[in-house]
Structure formats: structure tokens, C-alpha cells
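Asks: Quick one: this structure, given as C-alpha cells, is what I'll be asking you about.
The values are calculated or read from the model by the stated rules, or taken from the named source; none is laboratory data. What you are looking at is a predicted structure, and each value in this text was computed from that prediction instead of being measured. Methodologically, a virtual Cβ is constructed for each residue, glycine included, from the backbone with ideal geometry; neighbour enumeration extends over all protein chains shown. The accessibility values were calculated without ligands, DNA or RNA, using every heavy atom of the protein model including side chains. Shrake-Rupley method; radii C 1.70, N 1.55, O 1.52, S 1.80 Å.
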Amino acid sequence: MITIHEKNSTTFDTLGLGALLPSLCVVKEELNGLYELELEHPYDQWGKWEDIEKERILVASTPRGKQPFRIYHIKPDMNGIQVNARHIFYDLLDNLCLNISVSGSAQTVLNGIKNAFAYTMHFTFSTNMLGTGAVTASKVNPIAALLSDDEDASSFVKTFGGEIMRDGFTITMKTSIGQDRGVAIRYGKNLVGLEISEDISEVATRIYAYGKDGVAMSGGYRDSPYISSYRYPKIHVFEDSSLTYYELPEAVQALFDEGCDLPKVNIKANFQMLSQIAEYKEYSVLEEVQLGDVVTVSNVKMGFHKKAKVISYEWDCLLEQYNEVELGDFVADLTSSVTSGEKSLSTAVSASTEVKQVFNLVNGVATITSQGLYICIDTNSIDTATKIYHFGSSGLRFSSSGINGTYKTILDTNGKRV
């Protein structure tokens, strides 16, 4: 049921002005992107169509329950009325933040953005995200302050990453709004109703890495297990001046773990078309997912498995079911703010605020590398320390002559004192 409410409504637990009788009503939502409703209504004999006016609010079903959408465009024709409405969240487009300069926790930054509004609005902002950061901006609307990914802009998602959950007037920023429900699909051919694209233009199967002071990783190169799946090795140069010689192998392995050696995958499942073919049952599990959920996709030809995220959908509000679900590649780091199915390798190699904070913690007195844990006694860097404890595959050891010196074993791998 689609109901319509006056433009100043803030609660929607009644029928409002009444229920409409649309011939079509669909909602489209993208992860950290658009959230809109399209409606078509005939000129009914009861005159319900006359209630449709700009700025009034439509309440319709979505995969996450009933949601309000404000009408911003009406187009009547000979057959009826076509209506476009945005989620109530987009009321924030009308406001302005003249000046934002706030730092601290994620919640503190959200509060600072709200406090910068030119006038108060009926929204609440909350987050469960950790870490600290800052947002500095001027003369921007609140949505840009929250979600802008422009290169020169400062915003919440550029600082903390995360994904937005829009539930009426409640706005929540989360590391991820979805979950991994264990849904998996296998594909090896294109089907009617299943549009699959793979892009290998940014694949890297051999990485040359160098870090602090221009020092290259041991051996220079690290190869992907998928290197033979392509005609030639696809070489990528990775540079991070904050990483030491000992940390580079782990950083390169993280790139492979994140899928830089696999094609970018985008899958659109059109359920109306899929339902007409026998193979439909294989993909009907996608009807159980929600925006932001993680799905395992497997290419049966290449023999790889990787994670994809539900990045958009189209929902039939009348039948209360999906028309289409789109899965897109994503990078499983803390700053991913996915707005399309394409993510570049440059995103994969950029560390989030939280990851950088962890590096700052361990890249000092305590340093974690693929070789184990190093604890410096007389300085705060393994490059300059003389006295160092090392805990790794040889047990707990001590060196009084630096990281490359002679180690004395204190505890063996069975926990016995030597």
C-alpha cells in the first residue's frame, strides 16, 4: 500500500491523506548513492490522483520496511500522472553548512556537521564507527559534507569511510550496512536476465614494491597465484614510504588478498527475465540479500572465488519484491565507500584512517611484520634499536646488536624456557 502525507509530516503511522492506487511504483537505491521512487498513477474515478502534489510525502515499502519519499517532480499526460520522489534524506539538499571545522571521534564529527546547519531539521545522526578524524568545509550542503568523494572536498566518508543507512529521519553511518549472509552464486556463462561483465584492465599479478627511503622489497617482485591465468604477467609498482623493508611483503600480500589479481566483476540479476529460464533457481538466492550485503561469486572457468557487494537494487513496491539486484566489486578496507561496481587499484592500495592508526601503533616500539613481533627496548624503531625482543616461528628471542644481530632464544616454540 502506498500512502500520501502532507509535506510537513514527520511521522507516518497513519494513512495520512489516504492510500493511492498506482499502476506502477518502484524504488531504486544505490550504496552511498541515489535513493528514489518512481510512481505512475491513473486518473481514477475516486479522485485519489488529485492528492498528488509536489513536496507531499509518499510512504512505500522497501527491502528495509516502509520509507518516506518527498515528491519533487510531477508530469501529467493523457493516461495519468508520472511522479518522481526522493527519500526524505534529500531534504538535506535544501540546507547549507556555511562553515564546518570539526575534529575528533566519528560521532563528534557528525555532530559538528549537524551543528553547522543554517537551520535545524528533523534529522538524527549516529554512527558506530571508531577512529578519529576531521572535516573542514565551507558553503556545502549537508549531503556533500557527509558523502562527497570529490578530490578537493572534505567529507565524512572521505575521512572515516563507511556506508550510509537511511531510515526515515534517522541517518546512521556504519562501517558496513550489510552483512555476509552466506549467499553464493556460481557463473560460467551469460544468461538471459543475468548480465555479467568482467574487466581486467587494472589487474596486477606481479607487484614490485618499495617503501621507506626507496628500499625495495626483498627480491623486488611478488607474484600472484593467478599469474598464469593471463597471457602476460601484469606488473604493478607499489610504493608506500611509511612502510619499512620488513613490512612490504605483508602489504603486497594484502593487495592480493583484496583481489587486485582478479577481474573486476559486475553482475546484474533481472528477476523478471531470470524467472523465465530453467537456471533461475541458481540465482533466486539473491532475492534474500539487502543493500550492502556481501555475496561470494565464483567463476567456474577461472576457478576463483571472490567477494562482491550488493551495490544497488530496484524494488517493486506493489509486489514487494526485487526487480533487479546489482553486485559490484569492492575493496574490503575500512574506507570503502562504494558508489558503483567499479573500483580502481588505487583504492585498494590506499589505507583507511583506522589502518593508518594501527600502523602508527605497531610501526614504533612494537613492530609487526610477516616475520613476527619485534619490541624495541632502547629506541622506538627497529631500524635504530640495539636491544630487541623478537617473537616468531623460533620462539621468543633477544638481540643486543640490532635487528640483524645475533639472537639468544629465551622461550622455545613449546613455551619452554631455554
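Asks: Which FRET efficiency value, to the nearest 0.05, do you get for residue 241 and residue 119 by plugging their Cβ-Cβ distance into 1/(1 + (r/R0)^6) with R0 = 41 Å?
Replies: 0.35
Asks: Moving on. Counting pairs of alpha carbon atoms under 8 Å apart in space and at least six apart in sequence, what relative contact order in percent does the stretch 115-248 give? Before the final figure, lay out the partial values.
Replies: Values: 165 pairs, mean separation 23.5, N = 134.
Computed value for the stretch 115-248: 18 percent relative contact order.
Asks: Put a dot 7 Å past each Cα toward the Cβ at residue 417 and residue 221; how far apart are the dots in nm?
Replies: 5.0 nm
Asks: With each run of n ≥ 4 DSSP H residues scored as -39500 (n - 2.57), what mean residue ellipticity at 222 nm is computed for the chain after dividing by its residue count and rounding to the nearest 500 deg cm²/dmol?
Replies: Numbers: 8 runs with 53 residues, N = 418.
Estimated from H runs of four or more residues: -3000 deg cm²/dmol.
Asks: Same structure, new question: Can you tell me the mean projection area, over all orientations, of the convex hull of the stretch 169-245's alpha carbons? Units nm², please.
Replies: Hull-based average projected area comes out at 10.3 nm².
Asks: Using the charge dipole of the chain (Lys, Arg: +1 at Cβ; Asp, Glu: -1 at Cβ; taken about the Cα centre), state which of 285, 389, 321 has its Cα farthest towards the positive end.
Replies: 389
Asks: If exposed chymotrypsin sites (Phe, Trp or Tyr not before Pro) are those in a DSSP loop with at most 16 other Cβ within 10 Å, what is the longest stretch of the chain that has none?
Replies: Here the longest segment lacking exposed loop sites spans 231-418.
Asks: For a label point 7 Å from the Cα of residue 93 along Cα→C-beta, name the residues of the stretch 42-81 whose backbone N is under 13 Å from it.
Replies: 55, 70-74
Asks: If you don't mind, another one. Rolling a 1.4 Å sphere over the protein heavy atoms, what is the accessible area per residue of the chain, to the nearest Å²?
Replies: Computed with neighbouring chains in place, this is 50 Å² per residue.
Asks: A further question follows. Hey, what do the phi angles of the stretch 391-399 turn into as Karplus ³J(HN,Hα) couplings, whole Hz, using 6.51/-1.76/1.60 and θ = phi - 60°, x for Gly and Pro?
Replies: 10, x, 5, 9, x, 9, 10, 9, 10
Asks: Gap in Å between the Cα centre of the stretch 121-164 and the Cα centre of the stretch 88-120?
Replies: A separation of 8 Å, based on Cα centres.
Asks: A further question on this structure: What does the charge count near residue 240 come to, summing +1 for each Lys or Arg and -1 for each Asp or Glu among other residues with Cβ under 9 Å from its Cβ?
Replies: That sum, taken over residues with Cβ under 9 Å, equals -1.
Asks: Do me a favour and compute the ellipsoid semi-axes for the stretch 99-181 from its Cα gyration tensor, root of five times each eigenvalue, largest one first, whole Å.
Replies: After diagonalising the Cα gyration tensor, the semi-axes are 19, 15, 12 Å.
Asks: Which percent of the accessible heavy-atom area of the chain goes to carbon and sulfur, probe 1.4 angstrom?
Replies: Carbon-and-sulfur percentage of accessible area, whole number: 49.
Asks: Comparing 61, 400, 242, which has the greatest mean-square fluctuation in the GNM of the chain with Cα pairs linked when under 10 Å apart?
Replies: 400
Asks: Largest first, please: the extent of the C-alpha atoms of the chain along each principal axis, to the nearest Å.
Replies: Largest to smallest, the principal-axis extents are 92, 55, 40 Å.
Asks: For the chain, what is the relative contact order in percent, using Cα pairs closer than 8 Å and at least 6 residues apart in sequence?
Replies: About 13 percent, as a whole number.
Asks: With no other cysteine's Cβ closer than 4.7 Å, which Cys residues of the chain count as lacking a disulfide-compatible partner?
Replies: 97, 260, 376 - these cysteines have no disulfide-compatible partner (Cβ-Cβ under 4.7 Å) in the chain.
Asks: Related question: For residue 174, which lysines qualify as cross-link partners when the Cα separation must be under 16 Å and same-chain residues fewer than eight apart are set aside?
Replies: Counting by Cα, and skipping residues close in sequence, residue 174 has these lysines nearby: 158, 309.
Asks: For residue 8 and residue 288, what is the calculated FRET efficiency with R₀ set at 41 Å and r taken between the beta-carbons, to the nearest 0.05?
Replies: Using R0 = 41 Å, I get an efficiency of 0.65.
Asks: State the Cα centre-to-centre distance between the stretch 234-266 and the stretch 1-62 in whole Å.
Replies: Taking the Cα centre of each part, the stretch 234-266 and the stretch 1-62 sit 48 Å apart.
Asks: To continue, here is another question. With springs only between Cα atoms under 10 Å, which of 258, 287, 50 fluctuates most in a Gaussian network model of the chain?
Replies: Its mean-square fluctuation being the largest, the pick is 50.
Asks: Continuing with this model, one more query. Quick check: net charge around residue 145, other residues with Cβ under 15 Å of its Cβ, Lys/Arg +1 and Asp/Glu -1? All intermediate terms of the calculation are to be shown ahead of the outcome.
Replies: On the way: positive: 114, 139, 158; negative: 91, 94, 149, 150, 152.
So the environment of residue 145 carries a net charge of -2.
Asks: Between beta-carbons, use under 11 Å as the cut-off and find the net charge around residue 180, counting Lys and Arg +1, Asp and Glu -1.
Replies: That sum, taken over residues with Cβ under 11 Å, equals +2.
Asks: For residue 53 and residue 391, what does the FRET efficiency come to when R0 = 60 Å and r is the distance between their Cβ atoms, rounded to the nearest 0.05?
Replies: 0.30
Asks: For the stretch 219-226, in order, what is each residue's ³J(HN,Hα) by Karplus, 6.51 cos²θ - 1.76 cosθ + 1.60 with θ = phi - 60°, in whole Hz (x at glycine and Pro)?
Replies: For the stretch 219-226, the Karplus curve yields x, x, 9, 10, 9, 7, x, 9 Hz.
Asks: Nearest 5 percent is fine: what portion of the DSSP beta bridges confined to the chain is antiparallel? Walk me through the numbers on the way to the answer.
Replies: On the way: 97 of 112 bridges.
Bridges in the chain that DSSP calls antiparallel: roughly 85 percent.
Asks: Whole-Hz ³J(HN,Hα) for each residue in the stretch 52-60, computed from phi via Karplus 6.51 cos²θ - 1.76 cosθ + 1.60 with θ = phi - 60°, x for glycine and proline: what do you get?
Replies: Working through the residues one at a time gives 7, 9, 4, 6, 5, 10, 9, 10, 9 Hz.
Asks: Follow-up question, since we're still on this one. Within 10 Å, at most 13 other Cβ atoms, and a DSSP state outside H, G, I, E, B define an exposed site. Report the longest part of the chain free of exposed trypsin sites (Lys or Arg not before Pro).
Replies: 55-188
Asks: Oh, and also: Along the Cα-to-C-beta direction of residue 40, a point sits 7 Å from the Cα; which residues of the stretch 1-34 have their amide N less than 20 Å from that point?
Replies: Within reach of a label on residue 40: 1-3, 20-29.
Asks: Here's something else I'd like to know. Based only on Cα atoms, what Rg/Rh ratio does the stretch 29-126 have, Rh being taken as Kirkwood's radius? Each step should come with its number before you reach the end.
Replies: Working: Rg = 17.4 Å, Rh = 15.8 Å.
The Rg/Rh ratio comes out at 1.10.
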